[in-house]
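The next block holds one structure in the form of structure tokens; read it before the comments.
The values are calculated or read from the model by the stated rules, or taken from the named source; none is laboratory data. Keep in mind the model is a prediction, meaning the values are calculated, not measured. All Cβ positions, glycine included, derive from the backbone under ideal geometry; neighbour counts span all protein chains shown. Areas reflect the complete protein model, heavy atoms only, side chains present, ligands, DNA and RNA absent. Shrake-Rupley method; radii C 1.70, N 1.55, O 1.52, S 1.80 Å.
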Amino acid sequence: MRSMRGLIEVEGLEFSHGRERGSDARGGGSWSLRVPELTIEDGSTVGIVGESGSGKSTLIRILCGLLPVAAGSATFRGKEIADWLRIGGREFRRQNQLVFQNPSGSFDPRMTMGRSVAEPVKAIERRAPTGAEIAGWLSEVGLRGEILRRYPHELSGGQLQRVAIARALSLRPSVLYADEPTSALDVSVQAQVLNLLMDLRENLGLTLVMVSHDIVVVAELCEYLVVMKDGGIVETGRTDDVMRRPRASYTEELIAAAERVSLR
Ligand SMILES: Nc1ncnc2c1ncn2[C@@H]1O[C@H](COP(=O)(O)OP(=O)(O)OP(=O)(O)O)[C@@H](O)[C@H]1O
Ligand SMILES: [Mg+2]
């Protein structure tokens, strides 16, 4: 995944949950992430896979600036993320948006959908979007304008996730991080939401980084795969290469496990 056009570049990245770096005690239940090298190219689609607890969410939260880089380097457009957050934090947030797994947890239950969708533009661009703009963002995700007056509990999970996507894309980000965007949804709507994401990323020229448990699903959607285990990356590469000739035995296990599930 190395190239001169790395939109996001990581080198020697380290991060620990639950402990300050440099603490002298070893072990004792802290969990760390180590990424020697990772490059994400502008406009690419990257699937991050691995078992629960392997560090997928932690990695993308660092890349979004929600968790700090404890050691090493993580850059966006050639500038350290920490530096972006010091000077240019709003622009960094505008360009790097995140959609979470559970859409109902992403909305304030007391706010109409219209107010929720307007929030990022208000906070980041410091202006109130027009009704026509908001309706336009909703129509991009296949929703009608009437949804604006409704509250989160009045929408289905699939509709809510579409609104969450509309809200993230209202800022016209460069990168959309989607952390298991469909795993909380009914199986019947999962494919619709995934197809929507892929259409939007094509139309808007987004870089899409998608986290999933299911290597077969992300392999269908993404050009590149990052396979994680125990806080490290065991394999990265073009999806075709990884799926046809996995180098890590862990990747083979993931493929075999996903194929067993899909045969059920
Ligand atoms: N805020 C936190 N404080 C302490 N430990 C955490 C915190 N968040 C995550 N962890 C731990 O870090 C490890 C990696 O978690 P992470 O959420 O990144 O995994 P994941 O690959 O996204 O898993 P899943 O597929 O279940 O979402 C886990 O052991 C988790 O318990
Ligand atoms: Mg996770």
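Of note:
- Carbon and sulfur %, accessible surface of region 119-264 computed with the full protein complex present, 1.4 Å: 47 percent
- Sequence of F76, F100 when ordered by accessible area, the most exposed leading, probe 1.4 angstrom: F100, F76
- All Cα pairs of region 89-183, percent lying beyond 19 Å: 35 percent
- Taking every Cα-Cα distance in region 141-200 and sorting them into 5 Å bins from zero, the calculated P(r) comes out as 4, 17, 31, 25, 17, 6, 0 percent.
- About the Cα centre, charge dipole magnitude for region 170-219 (Lys/Arg +1, Asp/Glu -1 at Cβ), debye: 200 debye
- Using a Förster distance of 41 Å, the FRET efficiency for S156-S249 (Cβ separation, nearest 0.05): 0.50
- Region 27-143: relative contact order as a whole-number percent, Cα under 8 Å and 6+ apart: 13 percent
- Residue-normalised convex hull volume from the C-alpha trace of region 104-160: 81 Å³ per residue.
- Computed from point charges on the beta carbon alone (+1 for Lys and Arg, -1 for Asp and Glu), the dipole magnitude for the chain about its Cα centre is near 800 Debye.
- Accessible area of S30 (1.4 Å probe, protein heavy atoms only, ligands and nucleic acids ignored): about 40 Å².
- Heavy-atom accessible area ranking, 1.4 Å probe, most first, across E119, E80: E119, E80
- Size of charge dipole - region 142-203 - debye, nearest 20, with Cβ of Lys, Arg +1 and Asp, Glu -1, no other charges: 300 debye
- Probe 1.4 Å, accessible area per residue of the chain, Å²: 49 Å²
- The chain has equivalent-ellipsoid semi-axes of 30, 23, 18 Å, by the square roots of 5 times the alpha carbon gyration tensor eigenvalues, sorted largest first.
- In this view, the solvent-accessible surface of H17, computed with a 1.4 Å probe and all protein chains in place, comes to about 70 Å².
- The phi torsions of region 198-210, fed into the Karplus equation with coefficients 6.51, -1.76 and 1.60 and a -60° offset, translate into couplings of 5, 5, 5, 5, 5, 5, 9, x, 6, 8, 10, 10, 10 Hz, rounded to whole numbers, with Gly and Pro shown as x.
- Solvent-accessible surface (1.4 Å probe) assigned to Y151 amounts to roughly 80 Å².
- Gain in span if fully extended, R126 to H17, counting 0.36 nm per residue against the direct Cα distance: 35.9 nm
- V216, V99, ranked by accessible area, largest first (probe 1.4 Å): V216, V99
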